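Scroll down for the structure; my scribbles are underneath it.
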Amino acid sequence: LPPVAIAQPHTHAVLESAATDGGRPWLRTSGIGLSAGTLSVVGLSFRGDAAWSALPPPGDTGGALYVWGSASATVENTSFVNQTSYAGGGAIFVGTSGAVRIRRTSFDSCSASWGGALWIQRAGRADILGCVFLRNMAVDGGAIAVTAETGTALRIRGCAFRWNSAGV
């Protein structure tokens, strides 16, 4: 499958490919989901998205982005503000056998039960580099919750964590 890119070249977002699934992103009421293929999100701003569903997890995860199955994703120079998820990953839910790279991205005032900003349930590899986590809150993992299975390679480097809280 060809990679799918979502970028903000000037003032609006461009979705190069959209469908219901099959490796292409689908637009959910709460944001963007991908179960196969490659997703690239660059220079966007997500504000006020919420994942609320009658479905059990993972149906109500990832307020803005939901990366699942065998998908891989790159998120760069993007901001997530006031994202909410009933279950986990106020801004992003990761439950994939693929690789996820989040770079130079900010998470501000996001909330969820697990991982106020980010919930990594599983990933072949997850790199979180040079990100800023501010004022996120959750019952478990104020900024990030990792409940990854054996075999997940996780690297967090050069990130700033300020005023995040758990157990609320």
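The values are calculated or read from the model by the stated rules, or taken from the named source; none is laboratory data. Just so you know, these numbers come straight off a predicted model, no measurement behind them. Cβ atoms come from the backbone with ideal geometry, glycine included; neighbour counts cover every protein chain shown. Accessible surface is based on the protein model in full, side chains and every heavy atom, while ligands, DNA and RNA are left aside. Shrake-Rupley method; radii C 1.70, N 1.55, O 1.52, S 1.80 Å.
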What pairs can you find where one residue is in the stretch 95-115 and acidic (Asp, Glu), the other is modelled with pLDDT under 95 and surrounded by fewer than 24 Cβ atoms within 10 Å (Cβ to Cβ), and their Cβ atoms are less than 8 Å apart, with a gap of 6+ or different chains? Asp108/Ser79; Asp108/Val81; Asp108/Asn82
Within the set of pairs 6+ apart or on separate chains, which have a first residue in the stretch 151-168 that is over 16 Å from Gly89 (Cα atoms), a second that is open to solvent by 70 Å² or more (accessible area, probe 1.4 Å) and among the charged types (D, E, K, R), and C-beta atoms under 6 Å apart? Ala153/Arg125; Trp163/Arg135
Single residue of the stretch 158-168 satisfying the filter (among the aliphatic types (A, V, I, L, M) and either open to solvent by 40 Å² or more (accessible area, probe 1.4 Å) or touching a Gly at 6+ places or on another chain (Cβ under 6 Å) (or both)) that is farthest from Ser106 (Cα to Cα): Val168
State all residues of the stretch 138-157 that are part of a loop (DSSP other than H, G, I, E, B) and open to solvent by 70 Å² or more (accessible area, probe 1.4 Å); if no residue qualifies, say none. Thr147, Glu149, Thr150
Within the stretch 85-102, count every residue that is polar (S, T, N, Q) and at pLDDT 90 or above. 0
Is at least one residue of the stretch 76-83 in contact with a strand residue (DSSP E or B) (Cβ under 9 Å, 6 or more places away or on another chain), modelled with pLDDT under 90 and among the hydroxyl-bearing types (Ser, Thr, Tyr)? no
Within the bounds of the stretch 112-121, is there any residue that is closer than 18 Å to Phe46 by Cβ and open to solvent by 30 Å² or more (accessible area, probe 1.4 Å)? no
Selection from the stretch 122-132 of residues more than 15 Å from Gly88 (Cβ to Cβ) and open to solvent by less than 10 Å² (accessible area, probe 1.4 Å) yields Ile128, Cys131
Restricting attention to strands (runs of 3 or more DSSP E) lying wholly within the stretch 91-137, give those where 1 or more residues are farther than 20 Å from Leu34 by Cα. 106-108, 111-114, 125-129, 132-134
Those residues of the stretch 82-111 which are closer than 23 Å to Ala166 by Cβ and either among the aromatic types (Phe, Trp, Tyr) or open to solvent by 40 Å² or more (accessible area, probe 1.4 Å) (or both) amount to Asn82, Tyr86, Phe93, Ser106, Phe107, Ser109
Considering only residues that are of a type in the set (A, V, I, L, M) and either at pLDDT 80 or above or within 18 Å of Gly95 (Cβ to Cβ) (or both), which ones fall in the stretch 33-61? Leu34, Ala36, Leu39, Val41, Val42, Leu44, Ala51, Leu55
Filtered residue count, the stretch 56-81, keeping only those that are within 9 Å of the chain's Cα centre (by Cα) and open to solvent by 20 Å² or more (accessible area, probe 1.4 Å): 1
